[in-house]
Each structure stands twice: as C-alpha cells, then as structure tokens.
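Heads up, the thing below is written out as structure tokens.
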Amino acid sequence: MWINLDDNDFKLVLEALRGNCSDKPDEPTAYDPIYDRLQACHSDFDPADPYREAAREHWSDEGGCEIDDSAVVSHGDDPGAYVMAWVWVTERQAGMFTCEECSGVFTLDREAGDCVCDECAPDDENKCRDCGEEYADGGDGYNGRCPDCADKAEEEGCSDD
C-alpha cells in the first residue's frame, strides 16, 4: 500500500505515534519501530535524486507511465536504483467496462454490446437468437428464431430447444 503524505500529514503521523500513544512520551512503546522507520525514510528522501529525474526523462512519455516528484527511489546493491512509477491501465486492458446506462463496472463477459451491461441491454424479442438478424413483429419466427433459422432448426429436428 502506498500513501503519499505531504509534510504536514507526515508531521501529524509522527506526533500521533510519539505523543499520543503513551501517557509518558519518554518511555518506549510498541510504536517506536514504526516511528524510527518513518523518520529514517523521511531523512533519506532527496527531492533532487538523479535517479528520479532520469526515470522521468526516459519513461514519463512511454505508454502512460508517470513519475511523481515524491516517487520512492530504492537504491540497490548493483549500480542503479528502482524508481516508483504509475502506469495507466484502461478499463478494457483490465477486462472491465463501465455501463453507459447504469454506470456500473462489469467484466467484459457481461457486456451485451455498445458499452451496455447485459442487465441494461434492451430485450429485442424480434432478433434471431441464432443468426442475430432482426425480423418483423409477429413474423413467422419461432422460439426466438427468424423464419429462416426456425425452418432450418425444424429440419434438423431441434425446433423445440
């Protein structure tokens, strides 16, 4: 989990860990390791880190990659560093879509076509369930089939499914 705190938020968290967690602030508490870790991260932060700037120059325009001014830089044992980045993923890439009718978010297998979920899709009783062609109201179709598909199904012996 990543939470981007501004300086004021960070100060409040430290105050809560140090001052509000014990009646006697000088005595050790279970929160001291968290406090120490946050202090160390904050003191290690360099707003002008060259790795962050290099990442921004090389990756920011690549397919929706974004690097914040406060991105974490993790120096490794090898020469180099990992720089935290945001990568944009569209709903479709994630296999999702937002229904234009109800604004619900669904998986693509629930899409009935034209960005509408299967619950909001209009029931078209005059559309053949086999070929998808429309046929006239009260036409000669049978069991959700247009006349041609109904005749074909009857010939194949499956007109009642």
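The values are calculated or read from the model by the stated rules, or taken from the named source; none is laboratory data. Given the structure is predicted, the values throughout are model-derived calculations rather than measurements. A quick note on method: Cβ atoms are made from the backbone with ideal geometry, for glycine too, and the neighbour counts reach across all protein chains shown. Accessible surface is based on the protein model in full, side chains and every heavy atom, while ligands, DNA and RNA are left aside. Shrake-Rupley method; radii C 1.70, N 1.55, O 1.52, S 1.80 Å.
Quick notes on this one:
- Heavy-atom surface of segment 39-122, accessible at 1.4 Å and reported per residue (Å²): 73 Å²
- Packing rank of 98-105, 44-51, where each peptide gets the mean count of other beta carbons within 10 Å, highest leading: 98-105, 44-51
- Taking all protein chains together, S43, S74, S60 sort by accessible area into S43, S74, S60, largest first [probe 1.4 Å].
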